[in-house]
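Once you've had a glance at the structure underneath, I'll fire off some questions.
The values are calculated or read from the model by the stated rules, or taken from the named source; none is laboratory data. It should be emphasised that the depicted structure is a prediction, and the values quoted were computed from it without experimental measurement. Because the Cβ atoms are built from the backbone with ideal geometry, glycine has one as well, and the counts that use them run over all protein chains shown. Surface areas here come from the heavy atoms of the whole protein model, side chains and all, with no ligands, DNA or RNA. Shrake-Rupley method; radii C 1.70, N 1.55, O 1.52, S 1.80 Å.
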Amino acid sequence: MNLLIKGGRVVDPSQNIDENLDLLVVDGRIKELGKGLKAPADAEVIDAAGLLVTPGLIDMHVHLRDPGLEYKEDIITGARAAAAGGFTSVACMPNTKPVNDNKAITSYIVNKAKAEALVNVFPVGAITQGSKGENLAEMGELKEAGCVAVSDDGRPVVNAELMRRALEYAKGMGIMVIAHSEELALVGEGVMNEGFTATELGLKGIPWAAEDVAVARDVYLAEFTDSPLHIAHISTKGSVRIIRDAKARGVQVTCETAPHYFSLTDDAVRGYETNAKMNPPLREAEDVAAIKTGLADGTIDAIATDHAPHHLDEKDVEFNVALNGIIGLETSLPLSLKLVEDKVLDMKTLVEKMAVKPAQILGLDRGTLKAGAPADVTIIDPNAEWVVEAEKLASKSKNSPFLGHKMTGAAAYTIVGGKVVYKR
Ligand SMILES: [Zn+2]
């Protein structure tokens with residue numbers, strides 16, 4: 001597993017590096033970054049001229065549907081989609097069947113991933129038993145078994161007192177809580193963003209307040225308990241403002257958004273496009289603008305896909321009954337690179353949000369090309385042009401609103417522990 005990656009533009013925010021360098025990998029770990037490095041006799045040499053060399057990208061929010069819902073995706077296919085998208089690590093949410101709220105399920109995921117997955121898979125355990133919002137799950141046991149965070153993602157912890165205790169226990173346990181912040185009473189029977197488009201389409205709306213009210217509650221609970229909290233998939237301008245203000249007064253809150261929230265508005269729903277149905281829903285132009293501002297000013301720490309595979313039969317139905325969620329692992333990189341093209345972010349800041357920060361938030365010893373770190377490396381061709389085609393996607397499910405869209409940028413090589421697991 002010795003590799004010399006020659007002549008690429010190395011972008012590693014963890015060391016404040018953005019320059020043309022060689023990268024030497026020995027025995028699955030980063031050995032050295034430098035100019036004119038010589039390849040050891042047994043090393044494979046990759047010519048990275050014209051390509052970006054970054055710490056392996058980390059997607060801290062995916063749904064691998066395994067165990068129990070493998071007709072949508074499984075750990076192997078999900079990991080293959082991650083590798084094709086340039087991700088060397090993913091964190092998978094616990095809303096499997098059964099829910100990952102105990103060490104048996106966590107161990108199943110860890111063991112299957114170790115044996116068969118192309119990338120690192122880090123399970124997220126449930127906050128409450130069965131994610132039912134009634135009794136806390138055994139967080140110590142989950143952490144011991146390999147969970148890197150806890151979340152009831154897919155639904156909020158409705159009871160604020162229970163959320164308070166979750167934050168307190170998790171703090172004591174040294175495990176991050178990831179909030180799915182949503183006020184269900186305000187969501188009601190809504191199926192898309194509440195606004196002009198929903199009215200035109202005659203669909204019931206979900207107001208921005210359904211997100212903002214819940215984000216505010218969770219931020220205040222983090223402040224009150226003096227605990228770290230990560231908020232998943234923020235989509236509204238109000239969420240950005242609430243989190244910006246909280247950070248300014250020292251609350252230990254971090255957050256992520258997903259590529260669709262800075263790439264699309266609720267206009268994408270027109271035509272009753274079920275592949276544009278997700279939760280939280282696509283919002284309006286001013287929300288998209290606020291998400292970009294939040295990424296640029298550091299309010300939004302990470303970009304995560306919320307990769308949510310669904311079978312065609314669950315999407316090829318009337319809009320009201322179609323399931324929420326889209327796949328994202330294979331389109332995240334080009335959609336995110338567009339932020340650099342559009343001068344919203346510089347390359348270093350983008351890599352920070354796709355590798356460094358996710359590692360820090362989850363407490364992983366990755367997201368860096370420092371000597372000694374596991375050799376998780378993504379080599380990116382920023383100029384590769386391609387079209388999103390269902391039959392070419394590695395994911396088992398094809399529910400993407402970007403099918404048929406032209407993309408610029410792709411992973412050229414994905415390297416996990418010094419091993420090339422994907423080559424374009
Ligand atoms: Zn969620």
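Could you grab me the full set of residues in segment 96-118 that are in a helix (DSSP H, G or I) and not β-branched (Val, Ile, Thr)?
Within segment 96-118, LYS103, ALA104, SER107, TYR108, ASN111, LYS112, ALA113, LYS114, ALA115, GLU116 meet the criteria.
Read through the list (1) open to solvent by less than 10 Å² (accessible area, probe 1.4 Å); (2) part of a strand (DSSP E or B); (3) more than 16 Å from the ligand (Cβ to nearest atom); (4) among the aliphatic types (A, V, I, L, M), then give the number of the only condition that ALA91 fails.
Tallying (1) open to solvent by less than 10 Å² (accessible area, probe 1.4 Å); (2) part of a strand (DSSP E or B); (3) more than 16 Å from the ligand (Cβ to nearest atom); (4) among the aliphatic types (A, V, I, L, M), ALA91 fails exactly one: (3).
Of all the residues that make up segment 254-296, how many are assigned to a helix (DSSP H, G or I) and away from the ligand (no atom under 14 Å from the Cβ)?
22
Determine whether MET60 is touching a Gly at 6+ places or on another chain (Cβ under 8 Å), touching a residue at least 12 places away in the same chain (Cβ under 8 Å) and either farther than 24 Å from LEU393 by Cα or within 16 Å of the ligand (Cβ to nearest atom) (or both).
For MET60, the condition - touching a Gly at 6+ places or on another chain (Cβ under 8 Å), touching a residue at least 12 places away in the same chain (Cβ under 8 Å) and either farther than 24 Å from LEU393 by Cα or within 16 Å of the ligand (Cβ to nearest atom) (or both) - is not met.
Related question: Restricting to segment 138-162, and then to whatever is aliphatic (A, V, I, L, M) and under 21 Å from ILE206 (Cβ atoms), can you tell me which residue is most open to solvent (accessible area, probe 1.4 Å)?
VAL158
Kindly evaluate PRO123 against the criterion of being within 17 Å of ALA232 (Cα to Cα), part of a loop (DSSP other than H, G, I, E, B) and either within 21 Å of the chain's Cα centre (by Cα) or within 16 Å of the ligand (Cβ to nearest atom) (or both).
No.
Is there a residue in segment 303-311 that is farther than 30 Å from ARG164 by Cα and open to solvent by less than 30 Å² (accessible area, probe 1.4 Å)? Lay out the reasoning, then the answer.
Here is the first cut: in segment 303-311, the ones farther than 30 Å from ARG164 by Cα are 309-311.
Applying the additional criterion that residues be open to solvent by less than 30 Å² (accessible area, probe 1.4 Å) yields 309-310.
Yes, that holds for at least one residue.
Table: residues versus (1) out of contact with any helix residue (DSSP H, G or I) (no Cβ under 6 Å at 6 or more places or on another chain); (2) open to solvent by less than 20 Å² (accessible area, probe 1.4 Å).
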{"position": "GLY188", "(1), (2)": "yes, no"}
{"position": "THR199", "(1), (2)": "yes, no"}
{"position": "ASP212", "(1), (2)": "no, yes"}
{"position": "THR225", "(1), (2)": "no, yes"}
{"position": "GLU256", "(1), (2)": "yes, yes"}
{"position": "TYR261", "(1), (2)": "no, yes"}
{"position": "THR265", "(1), (2)": "no, no"}
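Can I ask one more? Answer yes or no as to whether HIS307 is within 14 Å of the ligand (Cβ to nearest atom) and within 29 Å of VAL148 (Cβ to Cβ).
Judged against the criteria, HIS307 is a match.
Pull out all pairs, ordered by first then second residue, where Cβ-Cβ is under 6 Å, the residues are six or more apart or on different chains, the first lies in segment 78-106 and is within 18 Å of GLY325 (Cβ to Cβ) and β-branched (Val, Ile, Thr), and the second is away from the ligand (no atom under 16 Å from the Cβ) and in a helix (DSSP H, G or I).
From segment 78-106, the pairs are VAL90/ALA82; VAL99/GLY130.
Within segment 393-406, is even one residue open to solvent by 20 Å² or more (accessible area, probe 1.4 Å), over 29 Å from ASN324 (Cα atoms) and of a type in the set (Gly, Ala, Ser)?
No: segment 393-406 contains no residue that is open to solvent by 20 Å² or more (accessible area, probe 1.4 Å), over 29 Å from ASN324 (Cα atoms) and of a type in the set (Gly, Ala, Ser).
If you take the residues of segment 312-330 that are more than 18 Å from PRO281 (Cα to Cα) and within 17 Å of the chain's Cα centre (by Cα), which of them is least open to solvent (accessible area, probe 1.4 Å)?
That would be LEU329.
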